[in-house]
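Visitor: Next up is a structure, given as structure tokens.
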Amino acid sequence: MRLSPGRRGCRPQRRGLSLIEVLLALTIFMLALVVLGRLVDMGTDREMEARYQTRGTRLALDKLAEFESGARSFDETSGSFDGPDDGGWDWTATAQLQDQVAPNFYLVTVTVSRDLKGQNFTVSMSQMMLDPALTGSAAEAARPDTSTTPGGSP
């Protein structure tokens with residue numbers, strides 16, 4: 001066997017990868033896939049929590065608006081939501097009289113909850129409001145007289 005003059009004493013070039021190099025590359029690749037899969041799962045969980053937070057906030061605000069408008073009395077303390085989108089949500093409400101602030105003034109707290117992967121997910125909101133049963137509701141409001149002009153002359 002004759003070696004070329006420029007390559008004396010050098011090892012011949014390798015043409016492929018050894019088995020250890022291939023196994024090491026596959027191990028690194030598999031670990032990266034596991035980490036990426038876990039990151040996708042975590043992102044999905046955070047998205048679900050954000051969606052439930054938004055939905056729960058909207059439902060709590062809707063329920064507070066029902067109390068404020070007089071559609072619900074302060075005696076009602078719990079219930080569940082109806083509908084295809086809100087079917088898994090439940091609500092509880094407390095109304096605490098705040099006589100030191102003003103008569104018929106209440107602190108109403110609404111808590112909505114739902115099961116999220118075996119854990120209870122809750123959103124609570126509070127609002128100070130006058131008792132609409134004593135002050136009148138929006139349905140009882142009189143319409144303004146439109147027969148006269150704003151300047152006072154008919």
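Visitor: Quickly run through region 101-122 and pick out the residues that are within 30 Å of Met48 (Cβ to Cβ) and outside any strand (DSSP E or B). Before the answer, list the steps.
Guide: Step one: of region 101-122, the residues within 30 Å of Met48 (Cβ to Cβ) are 108-122.
Scanning region 101-122 gives Lys117, Gly118.
Visitor: Tell me the residue from Ala93, Ala71 that is over 14 Å from Gln53 (Cα atoms) and part of a strand (DSSP E or B), please.
Guide: On the way: Ala71 fails: part of a strand (DSSP E or B).
From the options Ala93, Ala71, the qualifying one is Ala93.
Visitor: Now a separate question. So which residues in region 95-121 are more than 16 Å from the chain's Cα centre (by Cα), within 17 Å of Thr57 (Cα to Cα) and not aliphatic (A, V, I, L, M)?
Guide: Passing the criteria: only Thr109.
Visitor: Same structure, new question: Can you tell me which residue in region 1-58 is modelled with the lowest pLDDT, limited to those that are among the polar types (S, T, N, Q) and more than 30 Å from Lys117 (Cβ to Cβ)?
Guide: Of the residues in region 1-58, the ones among the polar types (S, T, N, Q) are 4, 13, 18, 27, 44, 53-54, 57.
If we keep only those that are more than 30 Å from Lys117 (Cβ to Cβ) as well, we get 4, 13, 18, 27.
On the way: Ser4: 57, Gln13: 73, Ser18: 90, Thr27: 97.
Only one residue tops the list, namely Ser4.
Visitor: Give the number of residues within region 46-87 that are surrounded by 11 or more Cβ atoms within 10 Å (Cβ to Cβ), within 8 Å of the chain's Cα centre (by Cα) and not charged (D, E, K, R).
Guide: 6
Visitor: Tally time: how many residues in region 81-90 are in contact with a Phe, Trp or Tyr (Cβ under 7 Å, 6 or more places away or on another chain) and either at pLDDT 95 or above or more than 10 Å from Arg114 (Cα to Cα) (or both)?
Guide: Total satisfying the criteria: 1.
Visitor: How do the pairs read when you match residues in region 51-76 that are at positive phi with residues anywhere that are part of a loop (DSSP other than H, G, I, E, B), using Cβ under 6 Å and keeping only pairs 6 or more apart or on different chains?
Guide: Gly70/Ser137
Visitor: Okay, moving on. For region 133-152, indicate whether the set of residues that are surrounded by 15 or more Cβ atoms within 10 Å (Cβ to Cβ) and at pLDDT below 85 is non-empty. Can you show your working first?
Guide: Looking only at region 133-152, we keep the residues that are surrounded by 15 or more Cβ atoms within 10 Å (Cβ to Cβ), and these are none.
Checking region 133-152: not a single residue is surrounded by 15 or more Cβ atoms within 10 Å (Cβ to Cβ) and at pLDDT below 85.
The values are calculated or read from the model by the stated rules, or taken from the named source; none is laboratory data. All values reported here derive from a predicted model rather than from experimental measurement. FYI the Cβ positions are ideal-geometry reconstructions off the backbone, even for glycines, and counts take in every protein chain you see.
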